[in-house]
Structure formats: C-alpha cells, structure tokens
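Okay, structure first, notes after.
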Amino acid sequence: MEDRDNHAEAARSSRALTFWGLLALVMGNLIGSGIYLLPATLAPLGANATLGWVVTIAGAMTLSFVFARLAAAIPRAGGPYAYADAAFGPVIGFATAWSYWTLVWAGNGAVAVAVVSALSLAFPALAPHAAIAAVALVWLAVLVNIRGVDLAVKLQMTTMVIKLVPLAAVVLLAGWLLLTRGAAVSHEVAVPLTVTGTAGAAALTFWGFLGVESATVPADRVADARRTVPRATLIGTVAVGAIYLIVSSAITALMPRATVAASPAPIAAFLGLGFGDGVAQLVALFAAISALGTLNGFVLLQGEVPRAMAQGGVFPRWFARETAQGTPARAHVVAGLLVTAVTLANFTRGMGDLFAFVASVSLAAGMLAYLASALAAVKLLRDDPAARVVGVIAAVFVGWLSYGLGAEANGWALVLLLAGVPVYLAIRRGGASAR
C-alpha cells in the first residue's frame, strides 16, 4: 500500500500544474454558459444590467483578492476548506468543505444541462432527453479526470482557446458597428437606473463568477504555489470580468432590448447582424464547447475537494486513495453518482427550469464556503490590513447574494448541508476507515 501511495505522489509531482494550466482552469471555469444566456435575461433591465455587471465584478474581485492573499499565506490543497480549517478548526472546516463540495458537484449538473441546451439548438433531437444527455456528459468528464490531471488540463486549455473565438467576434463586430454606424445604433427609451434593478442584475450575473477560487483547490499540485496561485486567481478574474462587461454591454447597447430578450441565443443573434443568420448553429456549438470546458474544470475540483478533506482528517480516508496516475478516482465516482441523482431526480422539469433550479440550489449551498473564506482572511491575515478590510467587504457581498437567492434555494441548500452532519459524526466516532 505504501508503494502505491509513493507511486501516486511521484505521479502527482511529475504533473505539477503550471501558471498557464492554472490560468486556463480559472478562466475556463468562469467562462461557461452564463455569458451566452445572461444577455437575454438582463436585456429588460437596460443600463441596470451594465451597472449590475460592474457591482458583481467588483464583488468577485474582492473574493479573488481574498483567495489570492490566503493562497500566498496558506498554500494547502482544498482552497476554502484549508482556510476555514486553519482559521476556525475542524468543525467549521468540515462545514465549509461540505458546502463547497456541494456547490461543485450540484453545480456540475446545471453546467451539463447548459451543454445539452446549447447542443440542442444544432441537434433538436437532444432536447427531450436533456437529463440523460447531461448525465452522460458528466461521466465523460469524470473519466477524463480519472485518466489524469494532465489530460484534464490539456482539455481545459483547448476549450479555453475555442470558447474565446465567438466572444472575440462580438467585440470586433461591436467595434465595426460603432465605427460604421455611429449614432445610427438603436435608440430606445432608457430604462431608469434603480437600486432594485441593479441588485437584481447583480444577483443574476454572479453565476458567471463561480470558480474564482478554482486555482486554490489543487494547490498541492501547483509548481511554486505561493506565487502561481495568486497570480492565476487575480489575472484570470480580471480578464474574465473585462470580457463579460464588454460583451454584455455591446449586445445591450447595439441591439433592441426586445430582440435580445426574446432570443434563445443572444450572442448568435448579435453576430448574425454581421455574419448572417446561419451563424446561430455555429455559435451554439461554441457555447456547448464553452460549457463543456467549464464542466471539465469543475469535475476536476469535485474530486480534489474530498481528497483534501480526507487528507485533513475530516472526511473518510477512503476518499484520499489515488490511482497510479495520481487522481482521486473514488472521489470522482461518488461525486458523479451524486450529480446523476440530482439531475435525474428532476428530469421532469424543462431544460430551462432544470438549469435554473440546480444552479440556484448549488449556488446557495456554496455561499457558506465563500463567507468562511472571507472571514478566514480577516482572522488569519493579521499583518495584512488591506486583506482584512477586503475580507469584510467580501463577507458583506456574500451575505447580500445569499439573501437575494430566496427562500427555496436556501431551504434546499440547508437540507444538503445538514446531510453532511451524519458523515462528520461518523468520522468523530472513529467510523471512517482507511480501507
């Protein structure tokens, strides 16, 4: 057994994540389905949507800053779990890890549905079988990640490059339209800016920033983690925030709101202005690849979190065992089964309802992890006044988001969190086995 563990450790060391691989993980996890779907949802809010993006980007940057500083001070695997455990002990550490793990695997169901939703525009026959197709994609990503972290990172980097193509096309087309039409772009009655409108937009847009902590989770697999993890976290978040703001603002400003709101694929509709209506199916494929890359990145995390918990002694040691490729296959399989159960249990919902339900529940379940990380920065980084101030701001931001998610999502999240209590009690009683 010791030889097997040593072999896994050697395999992991030989596949240390580089800055570029980590940056692809951060940006790939952030840029998923949201940017392709949110412009339609945000269109009725007018300028409130742009201001909402600004608020959300600012909030995401506070979290990014917190994770960057914590990663430099505590370069341990597990991300939010590692920081909560160091600051508040094993009980809060377990609750935080369970919260974050729930966010990851439950959210993967929503991301998988988003992949199928995009593919169904090009292949309508998939729509009636959305849940089954989503589950199949989850298991494909699980198999890739079990095969090896290096393969998962290569897939992440490839999809990262591909998913930027249509977004770059939006930016170029917007620039061309402004240069050639100028004042002739659509003029509509402005939507008044309101606190309620901005808050509603911000609540919607935060889905696009889940994953700011991605680089911190596999920290023990990263070369020069104290320097690499903070850089990838901050640079990735800033870059994605800029992309989101430019793309969303371009579509909001240069297309009639009614057209955007009624479109199932607003980016495709926008690109159709310059490249013809036939671009819709092509953009749908890009959207599917984008969401698939996000799914791959978060599946990597859904195995890494329980591995770190098990190594920290707050989860059964069974989850810490690795394959010869250095991957936590057992953790991946269990998480895959949980995603399958949540997705198939709600198969009667329509594709849009299924995505919204799973996304909101997973987001609510993960708020504790973000809150604990922000408060951990306040407690642990006593020699870093800036980080402590930003940590307080980030904690308030997370509390506001949690309130905005509503009673249903928070109720389901509480059920999922309470499901972890028997696991923790079993571990405390010595019921966990290393077999």
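The values are calculated or read from the model by the stated rules, or taken from the named source; none is laboratory data. It should be emphasised that the depicted structure is a prediction, and the values quoted were computed from it without experimental measurement. No Cβ is skipped: glycine too gets one built from the backbone with ideal geometry, and neighbour counts run over all protein chains shown. Heads up: the accessible areas ignore ligands, DNA and RNA and are worked out on the full protein's heavy atoms, side chains in. Shrake-Rupley method; radii C 1.70, N 1.55, O 1.52, S 1.80 Å.
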Quiz item: Filtering segment 323-348 down to residues that are of a type in the set (Ser, Thr, Tyr) and modelled with pLDDT under 90, which residue is farthest from the chain's Cα centre (by Cα)?
Solution: 348
Practice problem: Could you please give the count of residues in segment 12-52 that are in a helix (DSSP H, G or I), open to solvent by 20 Å² or more (accessible area, probe 1.4 Å) and among the hydroxyl-bearing types (Ser, Thr, Tyr)? | Solution: 4
Exercise. Considering only residues that are open to solvent by less than 10 Å² (accessible area, probe 1.4 Å) and touching a Leu at 6+ places or on another chain (Cβ under 7 Å), look in segment 71-101 and name the one that is farthest from residue 236 (Cα to Cα).
Key: 87
Quiz item: Which of the following residues is touching a helix residue (DSSP H, G or I) at 6+ places or on another chain (Cβ under 6 Å), in contact (Cβ under 8 Å) with a residue 12 or more places away in the chain, within 30 Å of residue 109 (Cβ to Cβ) and of a type outside the set (Ser, Thr, Tyr): 372, 387?
Solution: 372
Quiz item: Which condition breaks for residue 281 when tested against (1) modelled with pLDDT of 90 or more; (2) surrounded by fewer than 24 Cβ atoms within 10 Å (Cβ to Cβ); (3) not basic (Lys, Arg)?
Solution: (1)
Quiz prompt | Given (1) modelled with pLDDT of 95 or more; (2) touching a Gly at 6+ places or on another chain (Cβ under 7 Å); (3) hydrophobic (A, V, I, L, M, F, W, C), index of the condition residue 381 fails | solution = (2)
Self-check item: Residues of segment 23-54 satisfying the condition of being more than 18 Å from the chain's Cα centre (by Cα) and β-branched (Val, Ile, Thr)
Solution: 41, 50, 54
Quiz item: Among the residues of segment 229-246, is there at least one that is open to solvent by less than 20 Å² (accessible area, probe 1.4 Å) and touching a Pro at 6+ places or on another chain (Cβ under 7 Å)?
Solution: yes
Exercise. Enumerate the pairs (first residue in segment 20-42 and more than 15 Å from residue 218 (Cα to Cα); second residue anywhere and in a loop (DSSP other than H, G, I, E, B)) with beta-carbon separation below 8 Å, excluding pairs fewer than 6 apart on the same chain, so at least 6 apart or on different chains.
Key: 30/210; 30/211; 30/212; 36/265; 40/263; 40/264
